[in-house]
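So the structure is just underneath, and the comments pick up after that.
The values are calculated or read from the model by the stated rules, or taken from the named source; none is laboratory data. Computed from a predicted model, the values in this text were never measured in an experiment. Here the Cβ is made from the backbone with ideal geometry for all residues, glycine too, and neighbour counts use every protein chain on show. SASA here: full protein model, heavy atoms, side chains in, ligands and nucleic acids out. Shrake-Rupley method; radii C 1.70, N 1.55, O 1.52, S 1.80 Å.
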Amino acid sequence: MIFRQLFDLASSTYTYILADSDGKEGVIIDPVMENVDRDFQILQELGIQLKWILDTHVHADHITAAAALKEKTGAKIGLGAGANVACADRLFQENEEISFGDYQLKVIATPGHTDSCTSYYLKGYCVFTGDTLLIRGCGRTDFQQGSSERLFQNVREKLFTLPDETLVYPAHDYKGRMASSIGEEKQFNPRLKLSNTKEQFIEIMKNLKLDYPKQIDRALPANLKCGKV
């Protein structure tokens, strides 16, 4: 399989390109508007026929490149069923599979950071967790229909039931870490590790005292239109 992990410096967002190395069908996860030319160039150079443009949720910290990439490639836009966006070609339900070549991504609904949060699981290898599960952290739950209780439940009952060796590829990292694993996060995540109770997690999230997201007033309205500004 072709796999590329790309980075947006301004928002610390990871974008992922996956493709079948034989048939060259592929998907892109969480593309950023400012990097659309970079990502399109990579797709062209590697001969990837983009089938799906996937977002893990309706982002508040950057504008998605979904609409721009659809215009350039003809690929379809997909999000989880919790996303209230009319511009998507498909809102995927829990346990649906997204095929590209010989590979499939299983859709796992993981709301809590936002209603729209969705993780994509490549069986036997990795899971793309968006902001739901970060490396040694998780997404905030104090805006955009956030719920600490739901985030805790979805991580514990869905993501933490995946095999321990499953690699975790998040939507962001602010310390230069590129990947983790389910086993690592179960043991070392200071918010979500197995030794923490739900009540402890809720208290941790309540006391984070985070700044207002810098780009939310610009990004959120655009992302409700799949990145059309």
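For the chain, give the share of DSSP beta bridges that are antiparallel, in percent and rounded to the nearest 5; count only bridges with both residues there.
On the way: 27 of 42 bridges.
For the chain, the DSSP antiparallel bridge percentage is about 65.
Ratio of segment 154-229's C-alpha Rg to 2.2 N^0.38 Å, to two decimals?
Working: Rg = 15.8 Å, N = 76, 2.2 N^0.38 = 11.4 Å.
The value comes to 1.38.
For segment 31-71, the solvent-accessible area works out to 37 Å² per residue, with a probe of 1.4 Å and every protein chain left in place.
The lysines within cross-link reach of K186, meaning a Cα-to-Cα straight distance under 23 Å and a gap of 8 or more places when in the same chain, are K106, K123, K158, K175, K198, K206.
Only one residue of P163, G146, Y174 has its Cα farthest out toward the positive end of the dipole of segment 142-198, where Lys and Arg carry +1 and Asp and Glu -1 on Cβ, and that residue is G146. 3J(HN,Hα) along segment 207-219: 9, 6, 6, 7, 5, 4, x, 4, 9, 4, 5, 8, 6 Hz, from the Karplus curve 6.51 cos²θ - 1.76 cosθ + 1.60 with θ = phi - 60°, whole Hz, x for Gly and Pro. By the beta carbon rule, with partners counted only under 4.7 Å, the chain holds these lone Cys residues: C117, C126, C138. Taking the DSSP beta bridges with both ends in segment 1-131, the antiparallel portion is around 70 percent.
Note that segment 48-56 has calculated 3J(HN,Hα) couplings of 7, 8, 6, 9, 9, 10, 10, 10, 6 Hz, one per residue in order, obtained from phi through the Karplus relation 6.51 cos²θ - 1.76 cosθ + 1.60 (θ = phi - 60°); glycine and proline are x. Just one of [x] 18.9, 62; [y] 18.0, 57; [z] 16.5, 49 is Rg and Dmax of the Cα atoms in Å as worked out from the coordinates here. Which one is it? Only one option fits the structure, namely [z]. The magnitude of the dipole of the chain, with charges of +1 and -1 set on the Cβ of Lys/Arg and Asp/Glu and taken from the Cα centre, is near 360 debye.
The residue among Q49, L18, L6 whose Cα reaches farthest toward the positive pole of the charge dipole of segment 1-120, with charges on the beta-carbon of Lys, Arg, Asp and Glu, is Q49. What a 1.4 Å probe finds exposed on the chain is 49% carbon and sulfur by accessible area, rounded to a whole percent. Remark: spin-label model distance K214-K193 equals 3.1 nm, labels positioned 7 Å along the Cα→Cβ axis. Report, to the nearest 10°, how far helix 148-157 tilts away from the longest principal axis of the Cα atoms in the chain, using its own Cα long axis and a range of 0 to 90°. It works out to around 70 degrees.
Once the other residues with Cβ under 11 Å from the Cβ of A75 are scored (Lys, Arg +1; Asp, Glu -1), what is the net sum?
+1
Local charge for D102 was computed over the other residues whose Cβ lies under 11 Å away, with Lys and Arg +1 and Asp and Glu -1, and equals -3. A helix-only calculation puts the chain at -6500 deg cm²/dmol for mean residue ellipticity at 222 nm, using -39500 (n - 2.57) for each DSSP H run of at least four residues, averaged over all residues.
Projected over all directions and averaged, the alpha-carbon convex hull of segment 93-202 occupies 6.8 nm².
When ranked by the protection proxy of mean other Cβ atoms within 10 Å per residue, highest first, what sequence do the peptides 123-132, 218-227 form?
Working: 123-132: 22.4, 218-227: 19.5.
With the highest mean Cβ count within 10 Å placed first, the list reads 123-132, 218-227.
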